[in-house]
Each structure stands twice: as structure tokens, then as C-alpha cells.
Amino acid sequence: MNHVLDRISADGRVAIVRLRSLGDAVLSTPAIHLLKTARPDLRIAVIIEDRFAEVYAGNPDIDAILSPGVRVLRQFRPDLCLNLHGGPVSARLTALSGAKWRAGFAHYANRWAYNVEIPTAQQILGITRKVHTAEHLASAMFFLGVRRREIPRARLFTTPGALPDLLPQYAVIHPTASHPSKAWPSPFFFNIAKHLKRTQNLQPVFIGGPSEDLSPFQIWPTFSNAPLDQVKRVLQGATLFIGNDSGPAHMAAAFGVPVVVLFGPSDEVTWAPWRTSGEALAARGPIHNITEAQVQQALDRLLVHAG
């Protein structure tokens, strides 16, 4: 089979459209690493909204981080434009990219934008089970011509910087979520923080994004709406992470931090921690059905294993 990557000349250019969502951006990095490892000669650009660009900062697999826009994309002059986002805006960018090959998943909407249609991960991998998001994205690279191999951990990179008021051993807690149905109750997280401090002498550290209220946790260090590069440094140094299904959970997993992630309506198979020690606790019904005892036991198991 004459794969697309076999038809791109040496020192060719690939533009990968991702646009948004913190967790999705993090989980695209294993696929990008597979591509760069297979073709280190390629110049790879990622098209991402500015607020998520820090996910890719310092990543040696990526040669350019571009803001979404037809002009800036065409100036990059990609040979291949790969849409890993799938929405109408990303499809339009792909269609107008000027790339000879325009690729996207065939089972998504907006197939009109592509002249290379990527099958499902199940078809590519020859399996019938549900796949993790990292597998789904990596399968696109296998279809395009990357040799099949183990899919690595996500990759994040940090720059040196001080983290004030943090003890050497601390646990990062992310108590908020993009939707109330995905958020475990704040009092439960408060009690878990006390449990970690009392039983493990771990300093609780709370993180939250824009408009996320961390006021119930002010007796401990909090990073509210902190720059993403600072959040990366906080997560990299953590002993463990606990939080709702969210982007920071995937960031922690990328650094190999043991994680406990709580799932309400989202799918724990598709979004579980990738390539790190961790537990995904799925609610049967509303997320508050997950008990504090279940979370404490999961955390204690992780700490015993890490020790």
C-alpha cells in the first residue's frame, strides 16, 4: 500500500489541526511523537487556539505552533493537513490549507473537506473493543504510514520556575469540571484533602482554571487561573493527582504522576489516565454516588504501589 507519508518528499511539511480542549491537546502528543519518530525530517506545525498553545510549548516533536487562521496556515505551506479536531471550523481550515493531501476521520462530519479519509481506529487496528482517545488519534498516524508500534505516554515539557509555598511532597487536587454533572462535590474534595494531610502528610494543592471557584479550599495553597506553564510545573512535581475527568488529569498522567480520576457521565475507557499508575472511578448514576471511602482507598492503593 502506498501510504500518504511515503509520498511526501524529504523535509516535507505537515500541519495538524487540533484547535481546542486541554485534554484532547495533551492526548494528541503521543500521535505527534509517533509521526516525528517515523519521519524526523518532516516539519510539523500544530494549529491550536492561543489559550491551549502552552500544551505544545517546548515539545521537540513540533516545529511551529500556529494560531487558527487560513492565511497563517497557508503560509506554512503544508504538504499534508491532518484534522484531528473534526468540527466545521477545523474542516474549513483543512479544506483551505493549500495542502495536497487533506486528511480527516471519515466517520466524522465534514467529509467534504478531505481527499484522504481515515477509517475508525477499530478498522485500522483490527479490533472490536472501545478505544482510548490516545489510540484513536495514534491510529490516524498508522493509517497514514507510520509503522505500528506501542503508543507512548503523552509528552509535556516545562521551563524552570519557582513554585512558592509548596512542600517537597504535595498532592494536586482539581475539584472543578467543565460541567456540573462532571464535578464531584466540593465538600468531598475538602475531606479528601484532610485525609491526605492526616494520613500521608501530603500538602494539598488546589488548581483551577478561569471562572473556577477555589474559595472553599483557601486554607491550602491554590492556583486559580494560573498560566498554563505554571500549572505544568505544579503537576510535574506532584506526588499524586486527584480530580474530575478533565484536562489537568491528562497533564498529570503525561508527567507520570499517579492519578485518581472521577468520572460522571463521561466514558472512563475513552478518557482514563494514559500510561501512568492510576485508577478511574466511574459513578453508577450521578458523580456524587462515588463515595469518599472509595476515593480514599484508591489513593491509599496508589501510594502503597508508588512507595
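Among the residues in segment 205-212, are any surrounded by fewer than 15 Cβ atoms within 10 Å (Cβ to Cβ) and without any contact (Cβ under 8 Å) to a residue 60 or more places away in the chain?
Looking through segment 205-212, at least one residue is surrounded by fewer than 15 Cβ atoms within 10 Å (Cβ to Cβ) and without any contact (Cβ under 8 Å) to a residue 60 or more places away in the chain.
Report whether or not Ala171 is without any contact (Cβ under 8 Å) to a residue 60 or more places away in the chain and crowded, with 17+ Cβ neighbours inside 10 Å.
When the stated conditions are applied, Ala171 does not pass them.
Considering only residues that are in contact with a helix residue (DSSP H, G or I) (Cβ under 9 Å, 6 or more places away or on another chain) and closer than 23 Å to Gly58 by Cα, which ones fall in segment 209-233?
Gly209, Phe223, Ala226, Pro227, Leu228, Asp229, Val231, Lys232
Does Val131 satisfy the criteria of being outside the structural domain of Asp213 (by TED's automatic domain parsing) and assigned to a loop (DSSP other than H, G, I, E, B)?
Answer is yes for this residue.
Here is a yes/no grid of residues against (1) within 21 Å of the chain's Cα centre (by Cα); (2) β-branched (Val, Ile, Thr):
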site: Ile48; (1), (2): yes, yes
site: Val55; (1), (2): yes, yes
site: Gly58; (1), (2): yes, no
site: Ala64; (1), (2): yes, no
site: Phe76; (1), (2): no, no
site: Gly87; (1), (2): yes, no
site: Lys100; (1), (2): no, no
site: Phe105; (1), (2): yes, no
site: Asn110; (1), (2): no, no
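Please name all residue pairs, on different chains or six or more residues apart, with Cβ atoms under 7 Å, provided the first residue is in segment 66-83 and is within 11 Å of Ile16 (Cβ to Cβ) and the second residue is of a type in the set (S, T, N, Q) and assigned to a helix (DSSP H, G or I).
So the pair list comes out as Cys81/Thr94; Asn83/Ser90; Asn83/Thr94.
Given Phe157, Phe188, which one is surrounded by fewer than 21 Cβ atoms within 10 Å (Cβ to Cβ), in the same structural domain as Asp229 (by TED's automatic domain parsing) and of a type outside the set (S, T, N, Q)?
Going through Phe157, Phe188 in turn, just one is surrounded by fewer than 21 Cβ atoms within 10 Å (Cβ to Cβ), in the same structural domain as Asp229 (by TED's automatic domain parsing) and of a type outside the set (S, T, N, Q): Phe188.
Residues checked against (1) under 26 Å from Leu166 (Cβ atoms); (2) surrounded by fewer than 24 Cβ atoms within 10 Å (Cβ to Cβ); (3) at pLDDT 95 or above:
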| residue | (1), (2), (3) |
| --- | --- |
| Leu240 | yes, yes, yes |
| Asp245 | yes, no, yes |
| His250 | yes, no, yes |
| Phe255 | yes, yes, yes |
| Val259 | yes, no, yes |
| Leu262 | yes, no, yes |
| Thr270 | no, yes, yes |
| Thr276 | yes, yes, yes |
| Ala280 | no, yes, yes |
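A quick yes/no check of all residues on (1) crowded, with 19+ Cβ neighbours inside 10 Å; (2) over 21 Å from Leu73 (Cα atoms); (3) among the polar types (S, T, N, Q):
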residue: Asn115; (1), (2), (3): no, no, yes
residue: Pro119; (1), (2), (3): no, yes, no
residue: Ile124; (1), (2), (3): yes, yes, no
residue: Arg129; (1), (2), (3): no, yes, no
residue: Glu135; (1), (2), (3): yes, yes, no
residue: Phe143; (1), (2), (3): yes, yes, no
residue: Arg149; (1), (2), (3): no, yes, no
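Each row is one residue, and each column tells you yes or no for (1) surrounded by 15 or more Cβ atoms within 10 Å (Cβ to Cβ); (2) not β-branched (Val, Ile, Thr).
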| site | (1), (2) |
| --- | --- |
| Arg7 | no, yes |
| Arg13 | yes, yes |
| Arg20 | yes, yes |
| Asp24 | yes, yes |
| Pro40 | no, yes |
| Ile44 | yes, no |
| Asp50 | no, yes |
| Val55 | yes, no |
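Is at least one residue of segment 2-14 modelled with pLDDT of 95 or more, assigned to a strand (DSSP E or B) and farther than 23 Å from Arg148 by Cβ?
Checking segment 2-14: at least one residue is modelled with pLDDT of 95 or more, assigned to a strand (DSSP E or B) and farther than 23 Å from Arg148 by Cβ.
The values are calculated or read from the model by the stated rules, or taken from the named source; none is laboratory data. None of these values were measured; they are calculated from a predicted model. Cβ sites come from the backbone with ideal geometry, for glycine too, and all protein chains shown count toward neighbours.
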